[in-house]
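Accompanying notes for the structure given below.
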Amino acid sequence: MDCTFDPIAVVVDWLDSCRARNLDELLDLYDARGSLECACGGPYIYQGREDITRYWSMRLEKAVPHAFSLIELVPTGSDERPCIVLDYVAYDGKPVRTRFEFTKAGKIARTACAPVIQPSKAA
């Protein structure tokens, strides 16, 4: 990728902030106008630092011990519009997939998460 920042490093920092339960560090990775779309239990959209704070504060407080463990990280998008798709263990211990989009300055412009559907174990 021909970015002025490393989108993979931003996502790794995001995971590290979640694991450390460091809300301020996590929020600093988002652009001031950033958004978070969550399809885990509804479609919900959180816009800006105040909304994203409300979303993350409870989840970081109630996170299970193995939360925010990496499952898979895949770069997607293009040089002009890099994206990262991250599968990880959510705060509640369930697998979730989040797509990260970035500003040109390397801040998170948008995250969109949804549960990872596990294949059924048919006999």
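Just so you know, all these numbers are worked out from the coordinates, no wet-lab data involved. Worth saying up front: this structure is predicted, and the values here are computed from it rather than measured. With ideal geometry, Cβ positions are generated from the backbone for all residues, glycine too; neighbour counts draw on all protein chains shown.
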Checklist entry - Taking only the alpha-carbon atoms of the chain, what semi-axes of the equivalent ellipsoid follow from 5 times the gyration tensor eigenvalues under a square root, in whole Å, largest first? => result 22, 18, 14
Checklist entry - With the dipole of the chain worked out from charges on the C-beta (+1 for Lys and Arg, -1 for Asp and Glu) around the Cα centre, which of SER57, VAL10, GLY42 lies farthest toward the positive end? => result GLY42
Next on the checklist: Within a 10 angstrom radius of the beta carbon, how do TYR91, TYR44 rank from fewest other beta carbons to most?
Outcome noted: TYR44, TYR91
Item to check | Contact order relative to length of the chain, as percent, for alpha carbon pairs under 8 angstrom and 6 or more apart | outcome: 28
Next on the checklist: Helix-only estimate, please: 222 nm mean residue ellipticity of the chain, summing -39500 (n - 2.57) across DSSP H runs of length 4 or more and dividing by its residues, to the nearest 500.
Outcome noted: -8000 deg cm²/dmol
Checklist entry - Residues with beta-carbon under 12 Å from that of ASP13, excluding ASP13: net charge, scoring Lys, Arg +1 and Asp, Glu -1? => result -2
Checklist entry - VAL116 to PHE5: FRET efficiency via 1/(1 + (r/R0)^6), r the Cβ-Cβ distance, R0 25 Å, to the nearest 0.05? => result 0.40
Checklist entry - In the stretch 58-116, what is the volume of the convex hull around the alpha carbon atoms, normalised per residue and reported in Å³? => result 86
Checklist entry - Dipole magnitude of the chain about its Cα centre, charges +1 at Lys/Arg Cβ and -1 at Asp/Glu Cβ only, in debye to the nearest 20? => result 460
Item to check | Peptides ranked, highest mean first, by Cβ atoms within 10 Å: ranges 68-77, 104-113 | outcome: 104-113, 68-77
Checklist outcome for this item: Other residues with Cβ under 12 Å from the Cβ of ASP28 give, with Lys and Arg +1 and Asp and Glu -1, a net charge of -2
Next on the checklist: Using Cα-Cα distances under 8 Å and only pairs 6 or more residues apart, what relative contact order does the stretch 1-58 have, in percent?
Outcome noted: 25
